[in-house]
Every structure is written in structure tokens, then in C-alpha cells.
């Protein structure tokens with residue numbers, strides 16, 4: 001995990017432990033990443049770690065987007081290719097490819113992303129709801145973040161980690 005990401009996580013955890021954290025109520029801290037041509041983000045505290053690609057073992061009778069499992073310091077973690085899950089063609093891994101390990105409660109999984117962008121802070125007022133074109137509660141889209149130069153899709157980590165296989 002980059003030093004910048006560690007610093008942001010540490011600052012957010014300290015601020016959440018402060019008794020007067022009202023100044024943080026209107027800001028959401030996210031980590032952005034690229035899949036295909038689109039930028040996505042997840043809440044920073046749902047990230048366990050970000051690592052360079054490592055070997056994994058294929059698991060039979062799983063959907064095509066489930067690449068298999070990998071061993072992370074003694075824990076066996078499922079590995080999901082978000083390109084395939086989002087209906088994009090497979091892409092050979094390169095020096096920008098990362099595994100982003102996310103957690104929600106007891107659920108943990110690794111996701112292959114094309115490129116990590118940055119840790120960012122968005123005001124809640126700059127985050128709109130999921131588009132009307134997606135199916136309400138069943139969508140993995142939490143909302144759409146508006147930035148000066150682009151928009152990014154904020155994903156629901158609990159839905160990404162939900163086992164549908």
C-alpha cells in the first residue's frame with residue numbers, strides 16, 4: 001500500500017476517534033481506480049490493502065469473472081476480475097495492474113483493477129444518487145461523484161463482496 005494511502009487512512013481513523021468530528025460529516029474519503037475507460041471509487045475504510053498482482057489458483061465451477069483464490073499471509077482470498085464482472089473483455093495484466101483487497105464485515109475478496117488513481121475526498125453534496133437506469137437496491141452503484149474534470153462511479157462494497165456463485 002502506498003505511503004499516501006496509509007497517511008489518508010490513518011488521518012481518517014484519527015478523525016473518526018475525535019469527539020468533535022462534525023467537520024468530517026460532509027466529506028467522504030474514497031480510493032479511485034480505473035477499469036476499462038471508467039473511473040470507480042470505494043470508501044477508503046473498506047480497503048484492507050492494495051497489492052501488486054501475485055499468483056493465484058483457479059477454482060473449478062465458478063463464474064468466469066472469478067479468477068480463483070490467492071494466499072495472502074495465510075488467508076485464502078477469492079480473486080475477482082472486475083473487467084469481466086462488468087462485462088468488459090479480459091486484459092493482460094501490466095505494471096499498472098493491482099489487486100485491491102476489500103472487506104465488509106467478515107467478507108473479504110481481492111479484485112483485479114486496471115490502475116489505481118488516488119485517494120480523494122468528496123463533499124457529500126458532490127455525490128449524486130445512482131442513475132435511474134439501474135435497479136434500485138440490487139445495484140452495486142452507491143452513487144456518482146462529481147469532480148472538476150470528470151465523474152466517477154462509487155461502488156457498494158457489500159454488493160461487490162456478495163457471493164452470487
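Values in this text are rule-based calculations from the coordinates and carry no lab data. Remember, it's a predicted structure, so these values are computed and weren't measured experimentally. No Cβ is skipped: glycine too gets one built from the backbone with ideal geometry, and neighbour counts run over all protein chains shown.
Side notes on the structure shown:
- Calculated FRET value between residue 27 and residue 90, using beta carbons and R₀ = 30 Å, to 0.05: 0.25
- The convex hull around the C-alpha trace of segment 73-165, projected and averaged over every direction, spans 8.1 square nanometres.
- Full-stretch length increase - residue 132, residue 146 - with 0.36 nm per residue and alpha-carbon distance subtracted: 3.4 nm
- Helical content of the chain, expressed as a calculated mean residue ellipticity at 222 nm, amounts to -4000 deg cm²/dmol (DSSP H runs of 4 or more residues, -39,500 (n - 2.57) each, divided by residue number, nearest 500).
- Estimated distance in nm for a label pair at residue 71 and residue 58, the labels positioned 7 Å out from Cα along Cα-to-Cβ: 2.0
- In this label model, residue 107 and residue 163 are separated by 1.1 nm, measuring between points 7 Å along each Cα→Cβ vector.
- Here segment 40-96 is treated as a Stokes sphere of Kirkwood radius computed over C-alpha pairs; at 37 °C and 0.692 mPa s its diffusion coefficient rounds to 254 µm²/s.
- Distance cut-off 19 Å, percentage of C-alpha pairs in segment 3-161 lying past it: 57
- For residue 123 and residue 49, the FRET efficiency from 1/(1 + (r/R0)^6), where r spans their Cβ atoms and R0 equals 22 Å, is about 0.25.
- Centroid-to-centroid separation of segment 55-90 and segment 36-54 [C-alpha atoms, Å]: 15
- Across 42, 28, 112, mean-square fluctuation computed from a Gaussian network of the chain (C-alpha pairs under 10 Å connected) peaks at 28.
- Largest GNM mean-square fluctuation across 39, 95, 148, computed for the chain with C-alpha springs under 10 Å, falls on 148.
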